[in-house]
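What follows is a set of notes on a single structure, which appears directly below.
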Amino acid sequence: MTRPLVAVLSGAGISTDSGIPDYRGPNGLWRQDPEAEKLVTYEYYMGDPEIRRRAWLMRRESGALRAEPNGAHRAVAELERSGVPVRVITQNVDGLHQLAGMPARKVLELHGTARTVVCTACHERTPMEDALARVDAGEDDPACLTCGGILKPATVLFGERLDPVVLGRAAAIAKACQVFIAVGSSLQVHPAAGLAGVAADHGARLVVVNAEATPYDEFADEVVREPIGTALPDLLRALGSEDG
Ligand code: ZN
């Protein structure tokens, strides 16, 4: 028997146990602080060296690169290792699914990754770690070493659009999967949230694991309100044994 394809859509809630706050959700830190939001808004970032200087300092202070995956990230990777076909679609930019052991090719990062920087002129990608080392060494707005262009994180800033290729692949997974688990996402930010609806419309079993109610709870086959760190491993273990 073919094992069912499991899609996991993860949002900020899966990473809060790893010490990463919700930055970009509807009630996230960025949205509550207009000055902070400028640091992650493309137009301001590109137009103002002072904004970039502050943005680099913020990235240096955040310590996000030092965050470790938690039990929920590990449970997803373990399900994949057990032989169940798993694809992760994440709204997070922290790279913690991959650090937990999910193969990178099976993780779609809708909002990009904060572990890489990209040159806005020549599009060369280099590790964030290297750019932060230059900030540590005294550069306040490190430029591309290849062409001198402005560097930004390889994340989707406000005012930038999502990568249509990544989004297309995510939609294809939502249509093809038999189980769609939305975890730690408020399911309020489109188009990511709409993927839950696409999955349900195409016959997937929809499971919502989130502390607060979401607009998709009424379409879900199962809604789990318990803490993600314990609820998700339990849920995925049950899924792994039921299909094995
Ligand atoms: Zn460049």
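Quick notes on this one:
- Straight-line cross-link reach from LYS152 at under 18 Å between alpha-carbon atoms covers these lysines, not counting any fewer than eight positions away in the same chain: LYS38.
- Test item: Cα-centred dipole of the chain, Lys/Arg +1 and Asp/Glu -1 on Cβ, debye: 620
- Taking Lys and Arg as +1 and Asp and Glu as -1, the other residues whose beta-carbon sits under 14 Å from that of ILE89 total +2.
- Whole-number Å³ per residue for the convex hull built on Cα positions in the range 69-195: 125
- Label-point separation in nm, GLU68 to VAL135, each point 7 Å along Cα→Cβ: 2.4
- Note on the range 64-190: with charges restricted to the Cβ of Lys and Arg (+1) and Asp and Glu (-1), its dipole about the Cα centre is near 680 debye.
- Eligible lysines near LYS175 by straight Cα distance, threshold 19 Å, same-chain separation 8 or greater: LYS106
- Spin-label proximity, HIS123 to the range 147-173 - amide N less than 14 Å from point 7 Å beyond Cα toward beta carbon: 163-166
- Separation in nanometres of the label points that stand 7 Å from Cα toward Cβ, at LEU29 and ARG81: 3.1
- One compactness figure for the chain is 1.04, namely its Cα radius of gyration divided by 2.2 N^0.38 Å.
- Extension gain, TYR42 to GLU226, is 62.6 nm, computed as 0.36 nm per intervening residue step minus the present C-alpha separation.
- With the simple spin-label model, which puts each label point 7 Å out from Cα in the Cβ direction, the LEU145 to ARG53 separation comes to 2.4 nm.
- Taking the C-alpha atoms only, the angle from helix 49-62 to the longest principal axis of the chain is near 50 degrees.
- Basic side chains Lys and Arg get +1 at the Cβ, acidic Asp and Glu get -1 at the Cβ, and with that the dipole of the range 37-129 about its Cα centre reaches some 180 debye.
- Local electrostatic count at GLU160 - Lys and Arg +1, Asp and Glu -1, tallied over other residues with Cβ under 11 Å: 0
- Solvent-accessible area per residue, Å², over the chain with all protein chains present [probe radius 1.4 Å]: 47
- Ranking ALA171, MET128, THR90 by how far each Cα lies toward the positive end of the dipole of the range 82-181 (charges on Cβ) leaves ALA171 at the top.
The values are calculated or read from the model by the stated rules, or taken from the named source; none is laboratory data. Being a predicted model, the structure only gives us computed values, none of them experimental. Backbone-built Cβ (ideal geometry, glycine too); neighbour counts: all protein chains shown. Quick note on the areas: whole protein, heavy atoms, side chains included, nothing else; ligands and nucleic acids left out. Shrake-Rupley method; radii C 1.70, N 1.55, O 1.52, S 1.80 Å.
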